């Protein structure tokens, strides 16, 4: 072990924090959390400690380390998640089964609801994660709820819930808190979840001082209690020194690189899909997985300029836009392209790459048989490879690879492909909804953009407007406009319902 690393191990503090292992190029290769940094980090280098192959791979690559101390294990948990998303260390991710992931979701409701979900959606909610230490996350959130009471029920009960009487829910159903005060409380919770406890404490201290100057001693006392409860988090045991990520180089990524003959694990995978409805509202999606993790910040969606029901033309268009102009320079170069579709869709994508002389490995994944398709790789028909039990067919132009359903490689590709499909369908549905809204409400005389916005906000959709009674419409837009809307949508008077 290098003397520099040995000296750093001697100086590790006996405090909670986040540690960073780096390779010889000082690139971060693993990030972890610890209740006692000295004990946790030193354990990696104990010769007597049993290590599996995965851990040996990591330790062999460690050339340097750094750490950050924090006030509590709770802070370490959330700070670790933020740093992993930021740096994407290659040894942190094991996504053989994404059921292990957990996110904290904070909805966009007037009174935001806090919940746990396995997969984020394309809504206006805020998501924090992913966390693989799900037990530690749930324990941490239980502690935080005592400091920042929050709502967990999407449907309000008729009266104050049990959590309200325990002081864990602010009780909006009882009128015990205003929407403004509740959202302020949730924003502070989000500061903590985002790894900014220092900024949070500073805000609360300022509010406490401001309340004291106004002689609002009750409010100042509540802020004081919040600060005291935050300090108490430092004495809570959240995960101890038992926590550990799976330190493997992801089995699926390694297997994918081996199967396709790539120079290394495809750290950035971009997947593309086309969605439309009968040749209308044509869209394409681009989703990005980094080290096997969905990297939502890099997702892109494209509204197709080419009309009609032609997936091949649409795939060519999206490739032209992705690998043309500023996008080619501004967006990171992928290690692998995954096209949702068979030989036709893949051929369309490759035609653009060839014309632009861009050398990026590309494969298709056909849904029916879950066949992996790539350009001819001089393979022969029949079983190929003992490790992944693949069966290969070759027609002279394209190689088709069939993998067992339980193959980690196939499961990874399915997960990426399905995410691209979901993202495309979601966007297509949004465009279709906007078109339908425009085609009906825009034709009503006297109903302008502001009125349409109020109607959709109140009733959720054009269908909801059509099903609303005259009295309900009048309460939003007035009797005269309500009558026009009723007549235009062919709605019967509420008295005849």
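Remarks
- Take the Cα of residue 355, step 7 Å toward its Cβ, do the same at residue 43, and the gap between the two points is 5.7 nm.
- Residues 21, 83 in ascending order of nearby Cβ atoms (within 10 Å, fewest first): 83, 21.
- In plain terms, the chain from residue 484 to residue 326 could stretch by 52.0 nm, reckoned as 0.36 nm per residue minus the Cα-Cα distance.
- Cα-based Rg and Dmax for the chain, where Dmax is the largest Cα-Cα distance (Å): 27.6, 87
- Overall shape of the range 442-496 was characterised from the C-alpha gyration tensor. The equivalent ellipsoid obtained from it has semi-axes of 15, 12, 10 Å, in decreasing order.
- Taking 7 Å steps out from each Cα toward its Cβ at residue 457 and residue 117 produces label points 2.3 nm apart.
- Per residue, the convex hull volume that the Cα atoms of the range 251-424 enclose (Å³): 116 Å³
- Extension reserve of the residue 215-residue 153 stretch, reckoned as 0.36 nm per residue once the Cα distance is removed: 18.8 nm
- On the basis of the beta-carbon distance and an R0 of 25 Å, residue 127 and residue 183 show a calculated FRET efficiency of 0.90.
- Counting only DSSP H runs of at least 4 residues, each contributing -39500 (n - 2.57), and dividing by the residue count of the chain, the helix-based mean residue ellipticity at 222 nm comes to -13500 deg cm²/dmol.
- With neighbours defined as other Cβ atoms within 10 Å of a residue's Cβ, the residues 42, 107 order from fewest to most as 42, 107.
- Distance cut-off 22 Å, percentage of C-alpha pairs in the range 99-235 lying past it: 41 percent
- Extents of the range 3-87, largest first, come to 30, 26, 25 Å (Cα atoms, principal axes, whole angstrom).
- With the simple model of a label 7 Å out from the Cα in the direction of the Cβ, residue 4 to residue 166 spans 5.1 nm.
- DSSP bridge pairs, the chain: antiparallel proportion in percent, nearest 5: 85 percent
Since every read-out is calculated from the coordinates, none of them should be taken as a lab result. Here the structure is a predicted model, which means the values were calculated and not measured. Cβ atoms come from the backbone with ideal geometry, glycine included; neighbour counts cover every protein chain shown.
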